[in-house]
Every structure is written in C-alpha cells, then in structure tokens.
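The values are calculated or read from the model by the stated rules, or taken from the named source; none is laboratory data. Since this is a predicted model, take the numbers as computed values, not measurements. Don't worry about glycine lacking a Cβ; one is built from the backbone with ideal geometry, like all the others, and counts go over all protein chains shown.
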Amino acid sequence: MKNNTINKKEIEKFSRIANEWWNPTGKFKPLHKFNPIRIKYIKENLIEHFSLKKNNKPLNNLEILDIGCGGGLLSEPMSRLGANVTGIDASQNNINIAKHHLKKSKLKINYLNCSPENLNTSKRFDVILNMEIVEHVENIDNFIKQSSKFLKKNGIMFVATLNQTLKSYLFAIIGAEYVLRWLPIGTHEWEKFVKPENLISICQKNSLKLKKIDGMTFNPLFDQWKVSSDKSVNYITEFEKI
C-alpha cells in the first residue's frame, strides 16, 4: 500500500519489548530519563503559544493526539496536565500495555491501535505529538502529511527525532546500543535518522511553519537531559499549522 506509513519490522521490534514500557530500569530506561525534559518543553511552549494559565492543569481541555504513543509514557503526563488525550500506536501490544497501565493511573485517555492514515475520526486536534517516531516509520513524507491533516489551524505539532550526523551514529548507535547498552541493539537505523532541514522542508509542504528548533543533550555528570543549542544528535521542533 502506497499510503501505508507502518514499518512492520519496526512495529515487531517494539511489540516484542512492549511489557518493558513502564519499567524505569528496563529497556526503555533512556526514555524514562528523557521524559521529564520532553514534558517540560511541551508544557512551556504550549502555555506560551495558547496563552494558557500557569497552574496545576495548564493544558486544560486542549485536544492532544499522541502518535506512536507506545505504552503511554507521554500520554499520561499530558492527561495529568489537563489535556484530552488520544494516543495511537500501530502496535497492538503497545496499546494493550497503555490501556493496562491506565487502570492503575485512573486517567481518561482514548487509546487506539492504528497509524495516522487509518485513524477514523473527524476530530481536529490543538496539538499533535510526533515524539521519537519519525525515525521508525516507512515513509516520513506521507507520515507527516497524514499526521498534519488532524491538526487545527494555528495548532502545534512537536516532532522530536535524531539528526543524521556522524556524531549521532557514534552516540545514539555505537554508544547507546553497543557500549553503554542503554538500548537494545538494533533499536535505531542511522539511515532513517532525519536532518533538520529535510524535516522542515517536508513540514513546509504540509502547511506547517517552523516556530522553534532546539537540541537536546545528555549530561552524564548530572545524569539528566537538558535543552541545548547542540542539534547534532537529538533535536526537537515545534511547528504551527498555517
């Protein structure tokens, strides 16, 4: 199918380790460390863009679509911040884990086993999250096209991914997978990493204007991630639908 954005090999890879999603010391340990800075970045930029009140639930009533939601590591915090969250994932195993964890957290999140091209809804969202997903899809051009059609005018899409540089190969694959064993070997394929200029070009074709781009770097001394000007490995973008 030409319209298909699902990479079956990638889905199978993450389906096999789906039961690890909520284990902070398991195979998704790097994502658990990465999560606080992602949440802070999204929250602060949405407060600024939509002129929201800074309280315990600043994202109150914002409609958020979390694409490639996995086990719900980002969907749940967004829900706690007041947003109405829909989480979709092409892996049934991931959705099962997300729904199971939802019973413990007692939050209201609509989880669906699908990819953007077969999401059956007339709803349009204020915010779309494409976090650490575009490097795992079959066709990034079509994926952004299919995702952006669900975004309201003046809505925000966040895309976080890995740059295609020598440094990203050394850090994200050799370092993280083979040396430090932070991630299972084969988690990433360097050929699927995305240069910022390529991502920006694809988004522009789909009426998405770049508002912001930042690097994200890991500080081993403090064992935490921070927003940085260094976009050579991890970076995060904020686009507005025009």
ask   = Which number in (1) of a type in the set (S, T, N, Q); (2) without any contact (Cβ under 8 Å) to a residue 24 or more places away in the chain; (3) in contact with a helix residue (DSSP H, G or I) (Cβ under 6 Å, 6 or more places away or on another chain) marks the one condition that residue 23 misses?
value = (3)
query = Has the range 110-118 got any residue that is without any contact (Cβ under 8 Å) to a residue 12 or more places away in the chain and over 17 Å from the mean Cα position of the chain (by Cα)?
reply = yes
Neighbours by Cβ (under 9 Å, 6+ apart or cross-chain): first from the range 44-60, closer than 15 Å to residue 238 by Cβ and in contact (Cβ under 8 Å) with a residue 40 or more places away in the chain; second acidic (Asp, Glu) and surrounded by fewer than 16 Cβ atoms within 10 Å (Cβ to Cβ) = none
ask   = Which residue, of 81, 74, 52, 107, is touching a strand residue (DSSP E or B) at 6+ places or on another chain (Cβ under 9 Å) and surrounded by 17 or more Cβ atoms within 10 Å (Cβ to Cβ)?
value = 74
request  = Determine whether residue 144 is surrounded by fewer than 17 Cβ atoms within 10 Å (Cβ to Cβ), within 15 Å of the chain's Cα centre (by Cα) and either within 22 Å of residue 46 (Cα to Cα) or modelled with pLDDT under 90 (or both).
outcome  = no
task = Filter the range 217-227 for residues that are farther than 14 Å from residue 168 by Cβ and either of a type in the set (A, V, I, L, M, F, W, C) or assigned to a strand (DSSP E or B) (or both) and give the result.
result = 219, 221, 222, 224, 225, 226, 227
remark   = All conditions in (1) among the β-branched types (Val, Ile, Thr); (2) closer than 16 Å to residue 126 by Cβ; (3) within 16 Å of the chain's Cα centre (by Cα) are true of residue 39 except (2)
task = Select, from 153, 192, the only residue that is modelled with pLDDT of 95 or more and charged (D, E, K, R).
result = 153
request  = Tell me, yes or no, whether the range 182-189 has at least one residue that is surrounded by fewer than 22 Cβ atoms within 10 Å (Cβ to Cβ), among the acidic types (Asp, Glu), more than 18 Å from the chain's Cα centre (by Cα) and within 23 Å of residue 73 (Cα to Cα).
outcome  = no
inquiry  = Every residue in the range 58-78 that is in contact with a helix residue (DSSP H, G or I) (Cβ under 8 Å, 6 or more places away or on another chain) and of a type outside the set (A, V, I, L, M), please.
reply    = 58, 66, 68, 69, 70, 71, 72, 75, 76, 77
ask   = Could we say that residue 231 is at negative phi and touching a Gly at 6+ places or on another chain (Cβ under 8 Å) here?
value = yes
remark   = Of the candidates 240, 197, the one satisfying the condition of being surrounded by 14 or more Cβ atoms within 10 Å (Cβ to Cβ), closer than 24 Å to residue 128 by Cβ and not polar (S, T, N, Q) is 240
query = When both residues are 6+ apart or on different chains and their Cβ atoms are under 7 Å apart, which pairs have a first residue that lies in the range 1-18 and is in a loop (DSSP other than H, G, I, E, B), and a second that is modelled with pLDDT under 90 and surrounded by fewer than 17 Cβ atoms within 10 Å (Cβ to Cβ)?
reply = 17/184
